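Report on the following structure.
The values are calculated or read from the model by the stated rules, or taken from the named source; none is laboratory data. These numbers come from a predicted model, not from an experiment. Ideal geometry is used to build each Cβ from the backbone, glycine not excepted, and the neighbour counts take in all protein chains shown. Please note that ligands, DNA and RNA were not included when accessible areas were found on the heavy atoms of the full protein model with its side chains. Shrake-Rupley method; radii C 1.70, N 1.55, O 1.52, S 1.80 Å.
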Amino acid sequence: ASFSYSPKEDLSLKQLVTFTSNSGNQLKHLWKNGDKRIDSTLNFSFALPDTGFVPISLQVTDILTGCSDIISQEIYVKPQVRIYIPNAFSPNFDGINDEFIASGDLEILKDYKMQLFSRWGNPVFISTDPNIGWDGSLTNVNQGAPADTYIYMISYTDNKGEKQYFSGTVLLMR
C-alpha cells in the first residue's frame, strides 16, 4: 500500500486535499480517517475535518488472493487564528456592544497591539492586551469620545510565528 496527497504544505481546516493511491487499480481500496471510512475509490478528495495531526490510512486488498496491506500517514493541518473585528459599537452602558474589542482565538496571540485614532490621526486608545478593548472614552480629557468614525490598527504574532496586521474603521455610536 502506498499513497500521496496534494497540496502538501500549509494545509488548513476544511481545505480540500486530493489523495492518490500509488498501489495500482487492480486492488480494492479502503480509505479511512482514524476509524471512519471515507472512501473506496482509487483517488478522491477530502476536506480536512480538524486541525493538528489528521490520521489517514489506506488499506488495499488483492481481489484475486485476498492479501491486504495497510499504510497510515498523519497529515498536519495548521491551526489558524480566527478573529472578528466589529465595525461599530455603542458605549452607552446597556451591556450590548459597549466596547470595541476583537473576539475569537485571542488567547493564542502574542505581541498584540491595538491602536485607535481619530479621523485626523490623533491617538485615542492603545492596548497591548487582547482582552482589553476601547470603551469610547478619551483618557487625556476624561470624557467620552464623540460619535464618529475612528481608525484602528491591530497587529499580533499568530501561533505560526507570523506577524499579522489589520486596519480599518469603526463607528462609535452614541
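Values computed for the structure shown
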{"item": "Straight-distance crosslink candidates among lysines, where the alpha carbon sits under 16 Å from LYS160 and sequence neighbours closer than 8 are dropped", "result": "LYS78, LYS110"}
{"item": "Mean projected area in nm² (Cα convex hull; one quarter of hull surface) for region 36-174", "result": "12.1 nm²"}
{"item": "Net charge of Cβ neighbours under 14 Å - reference MET173; Lys, Arg +1; Asp, Glu -1", "result": "-4"}
{"item": "Fully extended contour minus Cα-Cα distance, from GLU162 to LEU138, at 0.36 nm per residue", "result": "5.4 nm"}
{"item": "Using a Förster distance of 45 Å, the FRET efficiency for SER103-LYS36 (Cβ separation, nearest 0.05)", "result": "0.90"}
{"item": "Set of aspartates and glutamates near LYS14 by C-alpha distance (under 15 Å), chain-local residues within fewer than 8 positions excluded", "result": "ASP50"}
{"item": "Of THR65, THR139, THR20, the one that fluctuates the most in a GNM where the chain has Cα springs shorter than 10 Å", "result": "THR65"}
{"item": "Whichever aspartates and glutamates have a C-alpha closer than 18 Å to that of LYS28, once near sequence neighbours (fewer than 8 apart) are set aside", "result": "ASP39, ASP62, ASP69"}
{"item": "Unit charges on C-beta of K, R, D, E only; dipole of the chain, Debye", "result": "360 debye"}
{"item": "Rounded to whole Hz, the Karplus (6.51, -1.76, 1.60) HN-Hα couplings of region 23-39, x for glycine and proline", "result": "9, x, 8, 7, 9, 7, 10, 9, 9, 9, 10, x, 8, 8, 6, 10, 6"}
{"item": "Within the accessible area of the chain (1.4 Å probe), percent carbon and sulfur", "result": "50 percent"}
{"item": "Amide H within-cut-off set for GLY136, under 5 Å, with H built and near neighbours excluded", "result": "PHE100"}
